[in-house]
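As structure tokens, the structure follows; a few thoughts come after it.
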Amino acid sequence: MAVARAFLYLAFWLGALLPWPARALDRTQLAVIVNTLDPLSVQIGEYYSRQRQISFQNFIKVSFPPGGTMLTREEFDAIKAQIDRQTMPEVQAYALTWAAPYRVECMSITAALTFGFDIAFCADGCRPTQPSPYFNSPSRLPFMHLRLRPAMAIAATSFEQAKALIDRGVQSDGSLPVATTYLLSTSDKARNVRNPAYPQVEAMLKKVRMPVRRLERDAITDESDVLFYFTGIVNVEGLDTLTFVPGAIADHLTSAGGMLTDSHQMSALRWLEAGATGSYGAVIEPCNMPQKFPHPALVVGRYLQGETLIEAYWKSVLMPGQGIFVGEPLAAPFRRRTTAR
């Protein structure tokens, strides 16, 4: 617990000292990956590419039987080879267009695509994994500087849900929302391990005059201005009573939130279905190590600096090998509007 507490404080102060980025990732640096054997994946990919004006060179087609939740390493390596052959040199990040498969043996599919399959990013129980070189990085060109391309899944089980998610992401761009951050300390002691970071988040937001509420309760209800929502609990009640602003980020620290389509706990998809634009969850038991989950101060700080959702979220997790990032990658509520969305 002492190590975890030190990590939470150290990461915040490192983030606070970083210079503001000159600009964030844009549509020309993102490749969309579709599974041609999955009609929903193709539909999501085509709609997203239209809305974000992704060029045809960055529309990557792979083929594998849909429906399963996990890929073997051999299956993944074959898919990765298809992706590598089609990836243009300027691509810095990937957007997947399916909710399943969400896992490659002991890694999440977003981590496997980012780093390549590597058991160093896996662990049994309460053991650390290989840290991400992208954690808290000042780089805005991760492939050029670090030889990795962070991945995020535009995950949904219906086109209607995916369309709503994509539309929220596009709508969020440059919106500069003045909305509330909710930091919940729950009665679930095992999953409440990010609580030590909350005072730093609160202080940072108050400095920039953004509303923040640090609460000791298991859930919030009937709130209409949710921008960030961080908590630790198996199931989050009251999501259907909330209104998330476009671009909102929300996640719950628990063991199986990243098992998107078959979890025995609340799936991270529930956040997206409720109106959030990004979330995160573990695909395999990570134990309750805060290093394996988003650090609230880094997510918030980098997002407010104008980074995209995929950048801010990825840079907030020290050990992301067992967790999946889901949402609309290019959402950037605090980036100035440009023609390149």
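Quick look at the numbers
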item: Inter-residue pairs, beta-carbon under 8 Å, first closer than 10 Å to Pro329 by Cα and in segment 298-317, second assigned to a loop (DSSP other than H, G, I, E, B) and among the charged types (D, E, K, R), 6+ apart; result: Thr308/Arg335; Leu309/Glu328; Glu311/Arg140
item: Test result for Tyr48, buried (at least 21 other Cβ atoms within 10 Å of the Cβ) and assigned to a strand (DSSP E or B); result: no
item: Test result for Met289, in contact (Cβ under 8 Å) with a residue 24 or more places away in the chain and under 22 Å from Ala112 (Cα atoms); result: yes
item: Complete set of residues in segment 37-72 that are in contact (Cβ under 8 Å) with a residue 12 or more places away in the chain and basic (Lys, Arg); result: Arg52, Lys61
item: Residues that are in contact with a Ser or Thr (Cβ under 7 Å, 6 or more places away or on another chain) and either within 22 Å of Ala331 (Cβ to Cβ) or of a type in the set (Asp, Glu) (or both), drawn from segment 224-241; result: Ser224, Asp225, Val226, Leu227, Phe228, Thr231
item: Answer residue from segment 89-104, given it is out of contact with any strand residue (DSSP E or B) (no Cβ under 7 Å at 6 or more places or on another chain) and either modelled with pLDDT under 95 or of a type outside the set (Gly, Ala, Ser) (or both) and is nearest to Glu160 (Cα to Cα) among those; result: Gln92
item: Selected residue (only one of Phe117, Phe135 is of a type in the set (Phe, Trp, Tyr) and closer than 17 Å to Ile284 by Cα); result: Phe117
item: Subset of segment 141-155 [surrounded by 18 or more Cβ atoms within 10 Å (Cβ to Cβ) and either assigned to a loop (DSSP other than H, G, I, E, B) or of a type in the set (Gly, Ala, Ser) (or both)]; result: Leu148, Arg149, Pro150, Ala151, Ala153, Ile154, Ala155
item: Segment 169-189: number of residues that are under 21 Å from Leu298 (Cα atoms), without any contact (Cβ under 8 Å) to a residue 60 or more places away in the chain and not in a loop (DSSP other than H, G, I, E, B); result: 4
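The values are calculated or read from the model by the stated rules, or taken from the named source; none is laboratory data. This is a predicted model, so every value here is computed, not measured. For neighbour counting, all protein chains shown are included, and Cβ atoms are generated from backbone atoms with ideal geometry for every residue, glycine included.
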